[in-house]
Each structure stands twice: as C-alpha cells, then as structure tokens.
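What follows is a single structure, written as structure tokens, with notes after it.
The values are calculated or read from the model by the stated rules, or taken from the named source; none is laboratory data. Just so you know, these numbers come straight off a predicted model, no measurement behind them. Neighbour counts are summed over all protein chains in view; Cβ atoms, including those assigned to glycine, are modelled from backbone coordinates with ideal geometry.
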Amino acid sequence: MERKKPQNKEESVPTGGIPRARVTSYDVAKHAGVSQSAVSRCFKPGASVSKKMRDRVMKAVEELGYRPNAIARGLITRRSNMVGVVVSNLNFYPEVLSELNKRFIERGVHVLLFSIDHESDVGSILEQMWQYPLDGVIAAAHLEPEQIAMFDERGVPLIFYNRSHQDIPVSSVCCDQTEGERMLVSQLAASGEHQLFGIVAGPKDSVVSMQRTQGAKQRLAELGFSDVEVVPGDYSYESGRRAVGRLVEACGRVPDAIICANDMMAMGCMDELRFSHDFDVPGDVSVVGFDGVKAAGWASFNLTTVAQPVESMAEAVVTMLLERVDNPDMPPEKRTFSGVLRAGGSIKR
C-alpha cells in the first residue's frame, strides 16, 4: 500500500507511517550545539549573527526539517509581528502599499490590510481590527477623537499616513497638500494663459481632498481669481471624465485650466476633453493633478503634477510605528514632507 504524504509540512513521517512530534527550536539548538537564542536570531531579520553560526544552525534546520512557528514565537516575545494598515479607496494606494509592505517584510513584520470605500466608514472595520493581536496600526483614513482614544486604551500604537490632527497628540506622516497645490496654481498662473479656472475635488469626507481644494482656492484668490467653480469627484478616472461636463454646465464653457485633486481624475479629464469634446491638452485646456502616480508620466498623459515622496514617507511611517511598538512611551511625532513639482506637458505655455 502506498504511504500517504504528511499533511503538515512541519511534521515528517518515519518508517512505520507514524508522524513524529514537531521539531522545535530547542531541538535545533541541541542538535547544532548552540543556545536557543542563537537559533532565534538566525530567523530574525537584521539580527546580529556570524556566518559560521548561521551555517551551523541552518545545517541543523535542514537535517531536522525544522520550520519556525511565528505564532509560538509571538507568545514568547509577546509580539505578533503583525501590523494593520487601514486605507480608504484601495485603488489609489497601490504604490504606497507596495512600499509599506516591502519595508515591513524587511523587518520580519506582516501586514493585515483593512480597506474601506469611504473614510466615513472607518468605524465599521475597527471591531474587525480588534480581533487580531496587532502590534500597531497605520491609518490612511480619518478617525474621530473617540476612535483614536480606543488605540490608547488598548495600548496599540497608531500612526496616520497623509492625515493629521492638529488638536490631538497623535503621530502622523504627511505630504504638505496645501504647499503642493500652491505650487501647481503658481505654475498655471506663470503662463498668463488662464482666466477661467475649475477645480475637481475628491470625496467630501476626504481630509486630503479638502486640504488640496482649499490650498488651490486660496492661491487663486491671492492671484485675483476668486470666482472658481468646484465640482465633486471620487478620485476615480470615471469621475474625472464626468467632471468635465459638470464644469461646462457650471461655467458656461470649458475652463481654461482644470485643477484636479488627484492624478487619476486628471487623466480622466484629459481623455474626456480629447475624445468627447475634441479639445487639445494643453493647446486648448490645461490640466494638473496631484500624487505623481506612475501612469501620470506615460507619454499619452505627461501630466503636470505634484509627486509625493512615497518612498521617504513609507520609510518614515514604518520606522515611527516600530519605534513605538518597542517603546510605547515615546511621545507623538509629526513629520511633514514637501511634494515635488513635476512639470509635464499638460499646461499651456
């Protein structure tokens, strides 16, 4: 009769077909003639261990068929090595999530993603979140003061990504949204070719959208353009296309310049202007965005935008969170990064 293969990779079946007990780090240490802590260091990213020691331990690991058990290790260290990341509108965070995940993996930490469609829905996932033994949480969504207090009560470090609270002592990493919009408006004004401006805002419950829209309106007012139409969007490409018709209805014609709260909507505006209204961008209409997503640099768009320093922001938020996991008494910290103006080819010269 053919023997069945063992179902658990951490077990092996000796002659006779009876699974033997799971190999532990203690067994590996004894087999290699080293301490149990030395075995643990070999599986901890960034831990100090000599090549000779690592080779010795890994040889024992191979011979015994040992597989490290993250849950058991968490019971010993009282850390789960899991963090939560909360994002609103998952479609617009792929590059940020990629950077965060890469940096956490380098540190031996796993990410649990909690996605919501709208920032106002964040309360619906908090109860789900508390079911996991998370070491800390990064929130790219707005939380109310009473929701922030829950993290303090549970002793779970919280860092906001691109969200900030001025009146609450909570840590955050942000791009300066207002400064970025002022740069874009100044770039538009420098050409001297624009008299009628339109703004495509993001979701009304998005703090980032409000900051960007307000920053653009303030700078336009300083330049003498106080009568500016603002139409709603939801950060999607489709809402950018729809926004063109709404601006035409509100302004009586297509504006000379359209300022979008993110790149995806700006690309939607550009395609709608070109393919539905037969307008040239930038010959007839200027369009600008915000974020600096990779697609904005494609030749078909070549969008003028403000690029967020995603790599630097991701490194900062990961470092700040893990520092507070190790030292819960660290005070709150707020870091603000400047965006970088990418002068593409979507503005009239």
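The figures follow:
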read-out	value
Test: residue in the stretch 110-131 that is closer than 17 Å to S172 by Cα, of a type in the set (A, V, I, L, M, F, W, C) and modelled with pLDDT under 95	no
Filter pass, E323 being surrounded by 15 or more Cβ atoms within 10 Å (Cβ to Cβ) and farther than 30 Å from S171 by Cβ	no
Leading residue by the ranking (nearest to L64 (Cα to Cα)) among those in the stretch 21-44 that are β-branched (V, I, T) and part of a helix (DSSP H, G or I)	V28
Count - residues of the stretch 184-217 that are over 22 Å from the mean Cα position of the chain (by Cα) and buried (at least 22 other Cβ atoms within 10 Å of the Cβ)	9
Close pairs (8 angstrom Cβ cut-off, 6 or more residues apart or separate chains): among the acidic types (D, E) in the stretch 62-84, assigned to a helix (DSSP H, G or I) and modelled with pLDDT of 85 or more anywhere	E63/H31
Filter result (in a helix (DSSP H, G or I) and charged (D, E, K, R)) within the stretch 321-349	E323, R324, D326
Test for E181: is it farther than 12 Å from M265 by Cβ, in a helix (DSSP H, G or I) and of a type in the set (D, E, K, R)	yes
Of all residues in the stretch 140-160 being assigned to a strand (DSSP E or B) and at pLDDT 95 or above, the one that is nearest to the chain's Cα centre (by Cα)	F160
Single match in V285, V244 (criterion: outside the structural domain of V122 (by TED's automatic domain parsing), among the aliphatic types (A, V, I, L, M), farther than 22 Å from G339 by Cα and in contact with a His (Cβ under 8 Å, 6 or more places away or on another chain))	V244
Residue count, the stretch 40-73 (criterion: modelled with pLDDT under 70 and under 18 Å from V23 (Cβ atoms))	6
Enumeration of residues in the stretch 294-320 that are in a loop (DSSP other than H, G, I, E, B) and either surrounded by 18 or more Cβ atoms within 10 Å (Cβ to Cβ) or among the aromatic types (F, W, Y) (or both)	W298, F301, L303, Q308
Yes/no for A221 being of a type in the set (A, V, I, L, M), more than 22 Å from the chain's Cα centre (by Cα) and more than 22 Å from E119 (Cα to Cα)	yes
Single condition V231 does not satisfy, out of (1) closer than 23 Å to G345 by Cα; (2) assigned to a strand (DSSP E or B); (3) within 27 Å of the chain's Cα centre (by Cα)	(1)
Single residue of the stretch 279-293 satisfying the filter (aliphatic (A, V, I, L, M) and assigned to a loop (DSSP other than H, G, I, E, B)) that is surrounded by the most Cβ atoms within 10 Å (Cβ to Cβ)	V285
Residues being modelled with pLDDT under 90 and either under 22 Å from D152 (Cα atoms) or not aromatic (F, W, Y) (or both) - total across the stretch 88-106	6
Yes/no for A295 being in contact with a Leu (Cβ under 9 Å, 6 or more places away or on another chain), closer than 29 Å to V85 by Cα and modelled with pLDDT under 95	yes
